[in-house]
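First up is the structure itself, then whatever we jot down about it.
The values are calculated or read from the model by the stated rules, or taken from the named source; none is laboratory data. Here the structure is a predicted model, which is why all the values come from computation and not from measurement. Counting neighbours? That spans all protein chains shown, and the Cβs are built from the backbone with ideal geometry, glycine included.
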């Protein structure tokens, strides 16, 4: 005779509606926590796109998923979901890392309830996407150790200003006009925008069937777009400093100004992705 607790677990496991409802609820909670504790539109957009990609992958294969779990796996899944819900009620400002692993623990808990430990391999693409969302710091460190993005950004900014006819010169990472200049730190070099589009390109490759050429080309295009669009932001800030427009410089140097250019980068990359998908459709 089955216990009452196990009957409840079985009902949850067999009901796609309840599993979907829990997933949607957890997604809303995570996005709300992201906005309250991180407060970055870029981070919220990226998180939303990651979660949308995961939900899309699950929806595409819903009819072939093996939804067979066991008591042990289901109990672990319920424990994980209960833990993150309780923890989310008592978060401190310095615990922002928990928000990053919220989605991973949520998805792991739901996958254990739905398919058990043996069925986790069905969700390998989804887990890769979630791990990508946790790799911001690692990817930034890796790129920074291989390429001096600040110096590269300074060289390109200097070239654009020279090409536009300005009397500009460069000293290291400083781009200087006769009446003022800027120093390009790693935070302003476009590294964050590069990481953003690079992650989105990898998610796109996981979600949509592409040929090998497209899989190689897409990350390259993502890095190029993010870098070049940020160059125009640096050029704009240099001109504002040279014109003694400190208020304008602070705006475009600050969070809101940088997010405008990040949004432009995302839209441009979205256009490229749309073009790739359109080309794949039969004529």
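Of the residues 71, 57, 65, 75, the single one that is surrounded by 12 or more Cβ atoms within 10 Å (Cβ to Cβ), closer than 22 Å to residue 129 by Cβ and at pLDDT 85 or above is 57. Of the helices (runs of 4 or more DSSP H) lying entirely inside the range 97-208, those containing at least 2 residues that are free of Cβ contacts under 8 Å to residues at least 60 places away in the same chain and surrounded by fewer than 15 Cβ atoms within 10 Å (Cβ to Cβ) span 124-133, 136-146, 149-163.
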